[in-house]
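Here is the structure we will look at.
We did not get these values from a lab; they are worked out from the coordinates using the rules stated. For clarity, every value in this text was computed on a predicted model and none was experimentally measured. Glycine also receives a Cβ, built like all others from the backbone with ideal geometry; neighbour counts cover every protein chain displayed.
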Amino acid sequence: MKKRCSAAEGNPTNPTNPTPVHTEPIATAHTDAPLIVLVQPWIHDFAAYDVWAHPLGLLLLAGILRRHGYRVRFIDCLDRFHPEEAPADPKARCGRGPYRKAPLPRPRGLEDVPRRFCRYGIRPNWLQAELKATPVPDLVLVTSMMTYWWTGVAETIAAVRRVWPEVPVVLGGVYATLCREHAEANCGADRVVPGQGERKVLEAAAEMTGFSSPPRFDFEDLDALPYPALDLKRTLASVPLLTSQGCPFRCAYCASRLLQPRRRLRSPASVVEEVRYWHRDRKVEDFALYDDAFLVNAADHALPLLERLAAERLPVRFHTPNALHIQKMDRQTARLLHRAGFHTIRLGLETDRSTSRRDLDEKVSEGQFESAVRHLKAAGFDGNQIGVYLLAGLPDQQEREIVDAIRRVRDCGVSPILAHYSPVPGTTLWQKAVASSRYDLDADPVFTNNAVWPCRKEPFSWSLWSRLKALAAKR
């Protein structure tokens, strides 16, 4: 481990009186400062598609590290715009598109699934070349997302090890948080760090590099955090936007409370400033809103922000891949969303099981869905802009229930989007999922893959999947 002195770049900042870091989102570290390489791993799955996807947490950590004097590099195993790729159609250089893929053997225990299993992302030799072209770092940070993608994480870490065998590797992210013991035993990292990493990353970096830097802002203040280091990406097709953290709901199928236990808000002024920066200085036109509960307490947060965005009149588009809460969608909110430049609206209906709805969530009551759609259409959104997530594959869920939900959405003139259920350890629904599955979900997160319909005793059925997909796509 290299021993280094404390950070000298810039002036130490009192966390109770932070410097306005958003006016200088890119800081320059000393050339002798520790180098930390941050890696987004490959995906191993039966299906994967880039829908406004960004390693937001990882790039936020990169911004924090850079702000504290570290040198940072980013390696993206999911880079759709890698220089070795064939030149893309300029119209395709946006926040959505297919990943490169290569067939892999199916994971042990899933050999009977009649679907092709693949590695999604850049070719292994491209990653190896990129690692070899990068100066040997002092530390490697790897993120993780879906728990059932852990084999892609393990392959990525193994590839890093082959090039930099002596460099410590730390794993964080969703899989590291929800399945810590499994990750420690299987992923190959030197350390697994669960939970929110904003403050932990500095502690781990100081311990493993010998370089210390006093906090330069209040980590509890979301407005004080630096921007995610999106400038490290080769192509910035869109920007992920986070205006709040956490969600007050306790939905039985959702991991939000496990990953973000507290709800925290940014000020509308700081969000508008960030949008202005990425559009003005980086020419970004598409922004994906990643909030889990954007419309909760809307009068104190979402509505003032939407009013400010509408007043800016920026030629940008906003998208809501994480879905908006239906019960919060009134006429005023719908109008402000339209005026502010929201282009893709996603609503979280999840299920039409009114008789057992309270066992799953308390987000929608009778008639609220139809009311929300009416408000959105009256505000100027057309049916093609409004998509509605419906959970498919819940424990004990019958095909008839999914069909009825699809038809209910179609009857409102908007688009149903099937969101296949993946059991999440630690959630209320987990034990019911375990009992309903043909797999031992506790044995390996790979069995929770939503592509195999894990909460059914019967084997995967192409006919069921095709029927539902065709019905959802029917015009």
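If packing is taken as the mean number of other Cβ atoms within 10 Å per residue, what is the order of 334-340, 103-109, 457-463, highest first?
Top to bottom by mean Cβ count within 10 Å: 334-340, 103-109, 457-463.
So how do 161-168, 425-432 stack up, highest first, on mean other-Cβ count within 10 Å?
425-432, 161-168
DSSP loop (so not H, G, I, E, B), at most 10 other Cβ within 10 Å: list which GluC sites (Glu not before Pro) in the stretch 297-375 pass both filters.
Glu366
Simple spin-label model, 7 Å along Cα-to-Cβ: Ala310 to Arg116 in nm?
Simple spin-label model gives 4.8 nm for this pair.
For the stretch 21-209, what is the percent of antiparallel DSSP beta bridges, rounded to the nearest 5?
40 percent
By the scheme Lys and Arg +1, Asp and Glu -1, what is the net charge of all other residues having a beta-carbon under 11 Å from that of Ser270?
So the environment of Ser270 carries a net charge of -1.
Around Ala419, which amide H atoms from residues at least 5 apart in sequence, or from another chain, sit under 5 Å from its own amide H, with H modelled in the peptide plane?
Long-range HN contacts for Ala419: Leu390, Leu391, Ala392.
Using a Förster distance of 45 Å, how high is the FRET efficiency between Glu85 and Leu464, based on the Cβ-Cβ distance and rounded to 0.05?
Approximately 0.80, to the nearest 0.05.
Might you report the magnitude of the Cβ-based charge dipole of the chain about its Cα centre, with Lys and Arg at +1 and Asp and Glu at -1, to the nearest 20 debye?
The calculation lands at about 980 debye.
What share of the DSSP beta bridges in the stretch 238-473 is antiparallel, in percent to the nearest 5?
Here the share of antiparallel DSSP bridges comes out near 10 percent.
With +1 on the Cβ of every Lys and Arg and -1 on the Cβ of every Asp and Glu, and nothing else charged, how large is the dipole of the stretch 21-209 about its Cα centre, in debye rounded to the nearest 20?
That gives a dipole near 480 debye.
I need the fraction of alpha carbon pairs in the chain separated by more than 41 Å, rounded to a whole percent.
17 percent
Considering only C-alpha atoms, what is the centroid distance from the stretch 129-203 to the stretch 317-349, in Å?
35 Å
Bin by bin, in steps of 10 Å, what percent of the Cα pairs in the stretch 21-209 do you find, going until the bin that has the longest distance?
Bin by bin from 0 Å, the calculated values are 9, 35, 37, 17, 3, 0.
Within a 10 angstrom radius of the beta carbon, how do Ser365, Ser244, Ser436 rank from fewest other beta carbons to most?
With the sparsest Cβ surroundings first, the list reads Ser365, Ser436, Ser244.
How long is the gain from Thr134 to Lys283 if the chain were fully straight, where each residue apart is worth 0.36 nm and the alpha carbon distance is subtracted?
Stretched fully, the Thr134-Lys283 segment lengthens by 50.9 nm.
What residues from the stretch 435-456 fall in the zone where the backbone N is under 17 Å from a label point 7 Å along the Cα-to-C-beta line of Asp396?
435-438, 455-456
At 7 Å along Cα-to-Cβ for each site, give me the label-to-label distance between Asp330 and Asp221 in nm.
3.2 nm
Ordered by packing density, taken as the mean number of other Cβ atoms within 10 Å over each peptide's residues, highest first, how do 228-236, 380-388 rank?
In decreasing order of mean packing, 228-236, 380-388 become 228-236, 380-388.
With Kirkwood's inverse mean 1/r over C-alpha pairs for Rh, give me the Rg to Rh ratio of the stretch 238-473, two decimals please.
0.99
Considering only DSSP beta bridges where both residues belong to the chain, give the percentage that are antiparallel (nearest 5).
If we restrict to bridges inside the chain, about 25 percent are antiparallel.
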